[in-house]
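Asks: Encoded as structure tokens, here's the structure I'll be asking about.
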Amino acid sequence: MVFKSKLYISITLLIIVVSIGVTGYMTISDESFIDSLYMTVITMSTVGYGTLHELNANEKIFTIFLIILSIVFYAYSVTVLTEYLLKENFYQHLKHKKLQQKIQKLKNHTIVCGYGRNGKQAVIKLRNYKMSCVVIEKDKTLIEELEHDNILYVEGDATEDEALKNAAIHNAKSLITALSSDVDNLFVVLSSRQLNKNITIISRASSESSSKKLLIAGADKIIMPDKIGGMHMASLLVTPNLVEFVEKITMIDEGSANLEEIPVNGLPSEFLNKTIRDLDLRRRTGCSVIGFKTAENEYIVNPRSETKLTANSDIIVLGSPSQIKKLREII
């Protein structure tokens, strides 16, 4: 805004200087408007073209005055332009434009609304799985952290449609809203569902009543951190070894076992409608199939080898990082 006001002043000064020059030459030299404008332009631009006639004393004095006035105008204009170019907001504008272009090219990415404790953990998990994501955040301090960690972000309010559009929600596969306010999360869910009807939405909630409203608004899954935290603490007392084992297999860490979910639709076409035995993952990769999700969203623990790999179903496998890596190379 400051630069625009100074730019307007610079344009106004240009008009004033030209007007003074034209009026002066028309009055002193009794020239026509076109000739006076010509004299004014060649004087201000110092291009070196010859004058229309030999200047008298008054005309020379006025020309000197016009040159000095032009120098003042140029000095002010150059100062304004230099100040703008050297200011941080100019480079921030270029950086923002480049960042926005990169985001708009994304496909099937995840949008994370809010980079607080929950949002940050979500981003870490997504990046560990090499999944592209964009964070929407308005806190300046957190934005600096995002820049430092080289994470794609949109500076803005996630409850506004403009921020969601800037995060390329039309191309996004999923959205996680982890804002501290349930009301804000509700707005995000409503807006996101309107902008992309096929997007998968995971929302944070603080209470059971908010959870129900978020589901009605269009959220696919609701997470209540306080509830999960309490259950986890109790589990550490009741079944500590089991909890530790589950944590080991669900964390991406070198040397530990990992779980991987594989959509049957993503497997080579020859395996469709074949059995788990036909897939033969144990021999080919070392991974073991420990779960199966049917197309009707029913879960089968430790499925039989005769279980058929139907369309829209998923298999869940367990293996070491090297085995999982080999599995990803195959599929």
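Asks: Would you mind computing the Rg to Rh ratio of segment 106-229 from its alpha-carbon coordinates, Kirkwood style for Rh?
Replies: Value, to two decimals: 0.93.
Asks: If you don't mind, another one. When only alpha-carbon atoms are used, what values of Rg and Dmax, in angstrom, describe the chain?
Replies: Reported Rg and Dmax, both Å: 33.3, 108.
Asks: Continuing with the same structure: Grab the Cα-Cα distance for SER235 and THR200, subtract it from 0.36 nm times how many residues apart they are, and report the gain in nm with one decimal. Could the numbers behind the result be given before it?
Replies: Values: separation 35, 0.36 × 35 = 12.60 nm, distance 2.93 nm.
Result for the pair: 9.7 nm of gain on full extension.
Asks: Shifting gears a bit: Note the full-extension length gain between ALA57 and THR79 as 0.36 nm times their separation in residues minus their Cα-Cα distance, in nm to one decimal. If you can, show how the numbers build up before the last one.
Replies: Values: separation 22, 0.36 × 22 = 7.92 nm, distance 3.33 nm.
Full extension from ALA57 to THR79 adds 4.6 nm.
Asks: Another one. How far is helix 225-238 tilted off the main Cα axis of the chain, in degrees rounded to 10, range 0 to 90?
Replies: Roughly 30 degrees, rounded to the nearest 10.
Asks: Given the options ASN118, ASN56, ASN241, state which has the largest fluctuation in a GNM of the chain using a 10 Å cut-off (strictly under) for Cα springs.
Replies: For the chain, modelled as a Gaussian network with Cα springs under 10 Å, the answer is ASN56.
Asks: A further question follows. Compute for segment 254-330: radius of gyration divided by Kirkwood radius, i.e. Rg/Rh, restricted to C-alpha atoms, rounded to two decimals. Intermediate values should be presented prior to the final figure.
Replies: Working: Rg = 11.7 Å, Rh = 12.4 Å.
Rg/Rh for segment 254-330 comes to 0.94.
Asks: Scale the Cα Rg of segment 2-86 by the rule-of-thumb value 2.2 N^0.38 Å and send over the ratio, two decimals. Can you show the working numbers first?
Replies: Working: Rg = 14.3 Å, N = 85, 2.2 N^0.38 = 11.9 Å.
In units of the globular-protein estimate, segment 2-86 measures up at 1.20.
Asks: How much length is gained on full extension from LEU7 to ARG328, taking 0.36 nm per residue of separation minus their Cα-Cα distance? Intermediate results must be reported in sequence, preceding the final value.
Replies: Numbers: separation 321, 0.36 × 321 = 115.56 nm, distance 5.66 nm.
Full-extension gain reported as 109.9 nm.
Asks: Name the aspartates and glutamates eligible as straight-distance cross-link partners of LYS213: C-alpha to C-alpha under 14 Å, and not fewer than 8 places from it in the same chain.
Replies: ASP182, ASP184
Asks: Going by average Cβ density within 10 Å per residue, which order do the peptides 175-187, 136-148 take, highest to lowest? Write down the numbers at each step before the final one.
Replies: Details: 175-187: 21.0, 136-148: 15.2.
Answer by packing, highest mean first, reads 175-187, 136-148.
Asks: Distance in nm between label sites at ILE42 and GLN104, each 7 Å beyond Cα in the beta-carbon direction?
Replies: 4.7 nm
Asks: Would you calculate the separation in nanometres between label points at VAL243 and ASP280, each defined as 7 Å from the Cα along the Cα-to-beta-carbon direction?
Replies: 4.3 nm
Asks: Output the pairs from LYS274/LYS326; LYS102/LYS227; LYS197/LYS227; LYS173/LYS293 with a Cα-Cα distance over 31 Å in this structure; if there are none, say none. Could the numbers behind the result be given before it?
Replies: On the way: LYS274/LYS326 21 Å; LYS102/LYS227 37 Å; LYS197/LYS227 29 Å; LYS173/LYS293 20 Å.
Long pairs (Cα-Cα over 31 Å): LYS102/LYS227.
FYI, it's all coordinate maths here, none of it is from the lab. Keep in mind that what you see is a predicted model, and the values were worked out from it rather than measured. Backbone-built Cβ (ideal geometry, glycine too); neighbour counts: all protein chains shown.
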